[in-house]
Structures are given as structure tokens and as C-alpha cells.
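Asker: One structure follows; several queries about it will come next.
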Number of protein chains: 2
Amino acid sequence: MVRIAVVHDEKLLRSALVQLLRSDDTLDVSSHCLDADGPELSAALPADVCVVDGECLTGPQDAGAGRLRARYGDRLVVLATAKRPGVLRRAFDGGALGLVDKNAPAHRLITAVHTVARGERFLDETLTVALLKGAEMPLTTRELGVLTLASQGAPIAEIAARLHLSRGTVRNYMATAVRKVGARNRVDAIRIVQSAGWT
Amino acid sequence: MVRIAVVHDEKLLRSALVQLLRSDDTLDVSSHCLDADGPELSAALPADVCVVDGECLTGPQDAGAGRLRARYGDRLVVLATAKRPGVLRRAFDGGALGLVDKNAPAHRLITAVHTVARGERFLDETLTVALLKGAEMPLTTRELGVLTLASQGAPIAEIAARLHLSRGTVRNYMATAVRKVGARNRVDAIRIVQSAGWT
């Protein structure tokens, strides 16, 4: 038996994924979430492979990604889409062995789980191009930081104060970020960066 | 037998939902998506109830929502979360009989499907407060329209041209929208409106 832990913050979809994996008799499946609403990860049984929705690894729950890695190492199967190269890239850089396209047929997930359980890499080919695109993220950490704060509604003066920069420098970072991502203005740059899953 | 059509744009989660519903022997389940990637809705078999992810009914696929309504009338079970009152409200206003919390246990979805098949309303109580909040959306259609175009990166001049308004009027709508949603600036207003699922 291969022991699987399923992590998804939406209970209904978590249950659905569990049911799908249980269609394979050789898998022993339990389920958890990263926030406080449901069965906590800390109470999770030991597992050989962890299946997690890539969207649960973004944003303020980034700490959750660290906890998953600490617990399961590289035995992670991350569900993602080609539309969000940032999410993909983060999963890949974080060392997850498995990357499964959310648009793949169900049997691909089962194959992925067995592959990763053997310690081998599984990468859906439909995700490869998006992964390479994600590698081309043109912004520096500073530029991305400025844009992220702006996307949360912070005005220039506040961004400057929080990052210990002058207002002029913040404006420069912002202008460079807008140019680099090919945006028309700040709002457009935020939209591009968010939809790619970079913030 | 109750015939169910499952609509979700991500194939893997669509399969998982289908499997979950098939755990009830009295349900006859088929699956479809609203975009061009998978089994098209137009080729769908007749069904008594349609289960659809609320996120598939937002954004540019709003036309899809119309197609679902034309086909299934009020026999829709929409999956949603309390975090997105706009998505909830749109489903409710669109006449969907069923609203199921994505954080509900799996048996709630099965109960919902049978309830809606009988032509009765099913509303998860965890969604009620969010639904009422969604009713309080303070923006007019015009203000929301201006904000939506801005969120896509359109500058003032372009918004004015597309909505046949003067630039000053667009700026006024924008300022009113920022004030009404309690935002700090335009970017903040866009963030608030998007995260509530209003665009």
C-alpha cells in the first residue's frame, strides 16, 4: 500500500480528490487542509506522498508550503495549470517531484502518485512550456515586492516606508516593472503578475 | 434515477466531483466544461440537475452562465465559498435553486442535488451571511463597469472612449467607487471588488 495525504483547503474538493484516489485499491488515502478550518496537517498520519493543490501554496499561506516540505520532503504531487506559471515554478523550485495538470485525465494523477512514491519525477508535458515561461519571470525580488505591496492598495509613500526606500526609488522600481512585463500602466502590471501566479 | 451534469473547467476536479456523486447509486452522472478544451456543453445529454463551480460563472465566461440557465433553468447547484459574496449573489440572482459551500462535507452536495431535482431550494446556511453581504454591493453598474475596465489595465482615456463618457465623468465614477468600497485608492478598490468576486 502507498499512503497518500491529500491537502486542499476546500473540503468538498478535498473529499472529491480522496474519492478519486481511492478508486485505486493500492492507495491508502487520508485528507487534510493547511488552514484552521479542517483536519489539521499537524494531526496527519504519516504518508508516503502528499497531493496538494498548487493554489494552496500561494499567497499568505506560503508558510504552509514550508510545513509541507518539512514533512514530506520532495514526495509532493502538486496540482497546477499552465495558466499560472508562477505557481508551477514555485512548486518546481520548492523541489516537488510531481507536477500534474489540473486538466489531465484522472488516471494521470494516479500514475503521478505511484511515480513519486518510487522517488521518481513526474511532470505532465502540458506543463513543461508553462514551467519554462515561469523561469523567465523578468522582475527582480525588489520590483516584485514593490508591485505586491501596490497590489494590496499601499500608496507610494507607504511602500517606501515599509521597504526602507525613497519614494523616487519606489517609483523607479514600479516603472521598470511596468516596462519589463509589457504592461500599459501599474494596474495592468499588477494584473499580469497576479494572473501568472507570481504574487 | 436522477440525471446529473457536472460542469467544471478543470478536468481533474471535474472527474473527482463525478466520482464523488457516483458514490450515490441513484445518480446518473455525466460531465462537461464551458470552454473549448473538453466535452462541450452543447453535446451534453439531457440532465435533471446541473452541478457547476461558481468560479466558472464569473469573468469572461459569463456567456456560459447564460447557456447553463437556458439549458437547465433553475435546476442548478452552484459550488461557492463565503469568501466570494459576488459569486454567490450572481448565482442566486441568476435563479440557481442550489448553493453549496465548497467547505461542506461531501454528503451535503448529494443532499443538495436531490433537493434541487425535486424543484426545491437548497442553501447551505454557512453561505447565508455572505449572500446577504453580497446584497449590499454598493456600486452602480456604471461604477463597476469603470472599475472593471481599469482592472484590465485600460487608462482613463480608453475607458472614457469605450463607455462613451468624458474623462472627467470616468474620474468621478472612479472616485465614488473608491469611496464607496472604503478603499485607499484605485488599485485598492480593484483588489476589494475582485476578491469579493464582483468582477
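Asker: What number of residues within the stretch A:101-158 are in a loop (DSSP other than H, G, I, E, B), modelled with pLDDT of 90 or more and closer than 23 Å to A:Ala82 by Cα? Don't jump to the end; show me each part of the working.
Answerer: As a first pass, look at the stretch A:101-158 and keep what is in a loop (DSSP other than H, G, I, E, B): A:102-105, A:118-121, A:124, A:136-140, A:152-155.
Checking which are modelled with pLDDT of 90 or more leaves us with A:102-105, A:118-121, A:124, A:139-140, A:152-155.
In the following step, the residues that additionally are closer than 23 Å to A:Ala82 by Cα were identified as A:102-105, A:120-121, A:124, A:139-140.
Within the stretch A:101-158, residues that are in a loop (DSSP other than H, G, I, E, B), modelled with pLDDT of 90 or more and closer than 23 Å to A:Ala82 by Cα number 9.
Asker: Any residue at all in the stretch B:180-197 that is buried (at least 18 other Cβ atoms within 10 Å of the Cβ), under 19 Å from A:Arg191 (Cβ atoms), within 14 Å of chain A (Cβ to nearest Cβ) and among the basic types (Lys, Arg)?
Answerer: The answer is yes; a qualifying residue exists.
Asker: Does the stretch A:136-144 include one or more residues that are over 18 Å from B:Ala154 (Cα atoms), of a type outside the set (S, T, N, Q), within 14 Å of chain B (Cβ to nearest Cβ) and out of contact with any strand residue (DSSP E or B) (no Cβ under 7 Å at 6 or more places or on another chain)? Give the steps one after another, and end with the answer.
Answerer: Of all residues in the stretch A:136-144, those over 18 Å from B:Ala154 (Cα atoms) come to A:136-144.
Still in the list and also of a type outside the set (S, T, N, Q): A:136-139, A:142-144.
Filter once more, so that each one left must be within 14 Å of chain B (Cβ to nearest Cβ): none.
Among the residues of the stretch A:136-144, not one is over 18 Å from B:Ala154 (Cα atoms), of a type outside the set (S, T, N, Q), within 14 Å of chain B (Cβ to nearest Cβ) and out of contact with any strand residue (DSSP E or B) (no Cβ under 7 Å at 6 or more places or on another chain), which makes the answer no.
Asker: Output the qualifying pairs, or none if there are none: Cβ atoms under 8 angstrom, residues six or more apart or on different chains, first residue in the stretch A:101-116 and in the same structural domain as A:Val18 (by TED's automatic domain parsing) and within 15 Å of A:Val52 (Cα to Cα), second residue of a type in the set (Gly, Ala, Ser) and modelled with pLDDT of 95 or more.
Answerer: A:Ala112/A:Gly98; A:Val113/A:Gly98; A:Val116/A:Gly98
Asker: Would you mind stating whether B:Leu132 is among the aliphatic types (A, V, I, L, M), exposed (fewer than 15 other Cβ atoms within 10 Å of the Cβ) and out of contact with any strand residue (DSSP E or B) (no Cβ under 7 Å at 6 or more places or on another chain)?
Answerer: Yes.
Asker: Here's another thing I want to ask about it. For the stretch B:159-199, which positions are farther than 26 Å from B:Leu88 by Cα and part of a helix (DSSP H, G or I)?
Answerer: Selection gives B:Ile159, B:Ala160, B:Ala161, B:Arg162, B:Leu163, B:Arg167, B:Gly168, B:Thr169, B:Val170, B:Arg171, B:Asn172, B:Ala175.
Asker: Residue check, B:Leu79 against (1) out of contact with any Lys or Arg (no Cβ under 6 Å at 6 or more places or on another chain); (2) aliphatic (A, V, I, L, M); (3) within 12 Å of another protein chain (Cβ to nearest Cβ), all met but one. Which one?
Answerer: (1)
Asker: Something else about it: Output the number of residues of the stretch B:42-67 satisfying the condition of being under 12 Å from the mean Cα position of the chain (by Cα) and at pLDDT below 85.
Answerer: Selection size over the stretch B:42-67: 11.
Asker: Quick one: B:Thr176 ticks every box in (1) within 25 Å of B:Thr81 (Cα to Cα); (2) in contact (Cβ under 8 Å) with a residue 12 or more places away in the chain except a single one, so which number is it?
Answerer: (1)
Asker: So which residues in the stretch B:145-160 are of a type outside the set (Ser, Thr, Tyr), within 11 Å of another protein chain (Cβ to nearest Cβ) and in contact with a Ser or Thr (Cβ under 8 Å, 6 or more places away or on another chain), if there are any at all?
Answerer: Result: B:Leu147, single match.
Asker: From (1) of a type in the set (A, V, I, L, M); (2) closer than 20 Å to A:Gln194 by Cβ; (3) in contact (Cβ under 8 Å) with a residue 24 or more places away in the chain, pick out the condition that doesn't hold for B:Val170.
Answerer: The failed condition is (2).
Asker: In the stretch A:104-112, is there at least one residue being of a type in the set (A, V, I, L, M, F, W, C), closer than 22 Å to A:Ala47 by Cβ, touching a strand residue (DSSP E or B) at 6+ places or on another chain (Cβ under 7 Å) and more than 12 Å from every other protein chain (Cβ to nearest Cβ)?
Answerer: Taking the stretch A:104-112 as the starting set, the residues that turn out to be of a type in the set (A, V, I, L, M, F, W, C) are A:104, A:106, A:109-110, A:112.
Those still in the list that are closer than 22 Å to A:Ala47 by Cβ too: A:104, A:106, A:109-110, A:112.
Filter once more, so that each one left must be touching a strand residue (DSSP E or B) at 6+ places or on another chain (Cβ under 7 Å): A:109, A:112.
Retained after the next criterion (residues that are more than 12 Å from every other protein chain (Cβ to nearest Cβ)): none.
Scanning the stretch A:104-112 turns up no residue that is of a type in the set (A, V, I, L, M, F, W, C), closer than 22 Å to A:Ala47 by Cβ, touching a strand residue (DSSP E or B) at 6+ places or on another chain (Cβ under 7 Å) and more than 12 Å from every other protein chain (Cβ to nearest Cβ).
Asker: Another question, then. For the stretch B:83-95, give me each residue that is within 18 Å of B:Arg191 (Cβ to Cβ) and out of contact with any Phe, Trp or Tyr (no Cβ under 6 Å at 6 or more places or on another chain).
Answerer: The answer is B:Lys83, B:Arg84, B:Pro85, B:Val87.
The values are calculated or read from the model by the stated rules, or taken from the named source; none is laboratory data. What you see is a predicted model; the values in this text were computed from it and never measured. Neighbour counts run over all protein chains shown; Cβ positions are idealised from the backbone, glycine included.
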